[in-house]
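Peer 1: My questions all concern the structure below.
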Amino acid sequence: GHAPINTLYLYSINIPGFSVAKNIAVGSAPVWVVARPDSAKVYVLDNSGTIYDIDTLSDTVTGTSTSAGAGSNFMAFDPVVQRLYVTNPANGKVAILNTATDPNPPTLLKVIDLAQGPNAPCPTLCSPVSVTPIGDGSRAYVASYQLATCTISAIPCVNTQVEVINTGSN
C-alpha cells in the first residue's frame, strides 16, 4: 500500500540484504536518531521537538515524550545516567530527559536555558548545536555558537564556546 501523504516515516533496515524491514510512522520529519547500547530502544527526534520511543523488537512507537521545542536538532544518549540530551539552537536551550522510566517514554528532568541564571554562559541568545556526555556519567559538554559583531569591523562573527553540565545537579 501507499503511505498517507501527511505521515512521515522512519525506516527500519534489515542489515543482511539492506532491505526496508518496516516503515515506522512518526508525526513530523525525523531529524535525529540514537540507540540505547542494549539495542532494545531507539529514540527519534522530529523537527517539532517531539521524541519518539521505539521498541526495536517490534519496530513500533511505544510512546512520545514532552516536546523539546520546535527547532531541536540534535540528541545524545548517556547510558551511565540513562538520559537524553536534546539541543535547540532556535531557543538557546538544552533539554534533559530521563530514560530510566522504561517501559514508559522518556520524561523531562530539566530544561537548561543558556541565557538565564546568575552565571549564564550566553547572556544573549546562543545556539547549542551538539552535546557529548563523557563515559563516567559525571558531565556532558554542549557545543554552542553565538552571532556577534566583530571588534575589527561591522562584519558578523561567530563566537564558539563549550558549556559543561554537571549531571549530578543538571
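Peer 1: Scan ALA148, ALA140, ALA120 and give me the residue that is among the aliphatic types (A, V, I, L, M) and part of a loop (DSSP other than H, G, I, E, B).
Peer 2: Unique residue meeting the criteria: ALA120.
Peer 1: Moving on to the next point. Filter the range 113-150 for residues that are aliphatic (A, V, I, L, M) and surrounded by fewer than 19 Cβ atoms within 10 Å (Cβ to Cβ); which is farthest from ILE96 (Cα to Cα)?
Peer 2: Here the answer is ALA148.
Peer 1: I'm trying to understand the selection: among the residues of the range 65-103, which are open to solvent by 20 Å² or more (accessible area, probe 1.4 Å), outside any loop (DSSP other than H, G, I, E, B) and either farther than 29 Å from TYR145 by Cβ or of a type outside the set (S, T, N, Q) (or both)?
Peer 2: PHE74, PHE77, ARG83, LYS93 - these are the residues of the range 65-103 that are open to solvent by 20 Å² or more (accessible area, probe 1.4 Å), outside any loop (DSSP other than H, G, I, E, B) and either farther than 29 Å from TYR145 by Cβ or of a type outside the set (S, T, N, Q) (or both).
Peer 1: Right, another one. What about VAL31, is it in a strand (DSSP E or B), surrounded by fewer than 22 Cβ atoms within 10 Å (Cβ to Cβ) and either in contact with a strand residue (DSSP E or B) (Cβ under 9 Å, 6 or more places away or on another chain) or touching a residue at least 40 places away in the same chain (Cβ under 8 Å) (or both)?
Peer 2: Against the criterion (in a strand (DSSP E or B), surrounded by fewer than 22 Cβ atoms within 10 Å (Cβ to Cβ) and either in contact with a strand residue (DSSP E or B) (Cβ under 9 Å, 6 or more places away or on another chain) or touching a residue at least 40 places away in the same chain (Cβ under 8 Å) (or both)), VAL31 qualifies.
Peer 1: Tell me, which residue of the range 151-170 that is outside any strand (DSSP E or B) and aliphatic (A, V, I, L, M) is least open to solvent (accessible area, probe 1.4 Å)?
Peer 2: Checked the range 151-170; the qualifying residue least open to solvent (accessible area, probe 1.4 Å) is ALA154.
Peer 1: Name every residue in the range 34-53 that is under 11 Å from the mean Cα position of the chain (by Cα) and part of a loop (DSSP other than H, G, I, E, B), in order of residue number.
Peer 2: If the condition is that a residue be under 11 Å from the mean Cα position of the chain (by Cα) and part of a loop (DSSP other than H, G, I, E, B), then ASN47, GLY49, THR50 are the ones that fit.
Peer 1: Also, I was wondering about something else. When the residues of the range 1-16 are filtered to those that are open to solvent by less than 70 Å² (accessible area, probe 1.4 Å) and in a loop (DSSP other than H, G, I, E, B), which remaining residue is modelled with the highest pLDDT?
Peer 2: Filtering the range 1-16 for residues that are open to solvent by less than 70 Å² (accessible area, probe 1.4 Å) and in a loop (DSSP other than H, G, I, E, B), the one modelled with the highest pLDDT comes out as THR7.
Peer 1: Give the range 104-117 a look and list any residue that's within 30 Å of ASN159 (Cα to Cα) and either charged (D, E, K, R) or not in a loop (DSSP other than H, G, I, E, B) (or both), or say none.
Peer 2: LEU108, LEU109, LYS110, VAL111, ILE112, ASP113
Peer 1: Something else: Mind checking which pairs have a first residue in the range 136-154 that is on the phi > 0 side of the Ramachandran plot and a second that is part of a loop (DSSP other than H, G, I, E, B) and of a type in the set (Ser, Thr, Tyr), Cβ under 8 Å, 6 or more apart or different chains?
Peer 2: GLY137/THR167
The values are calculated or read from the model by the stated rules, or taken from the named source; none is laboratory data. This is a predicted model, so every value here is computed, not measured. Every residue, glycine as well, gets a Cβ built from its backbone with ideal geometry; the counts of neighbours run over all protein chains shown. Each accessible area value is taken on the protein alone, full model and side chains, heavy atoms only, with ligands, DNA and RNA left out. Shrake-Rupley method; radii C 1.70, N 1.55, O 1.52, S 1.80 Å.
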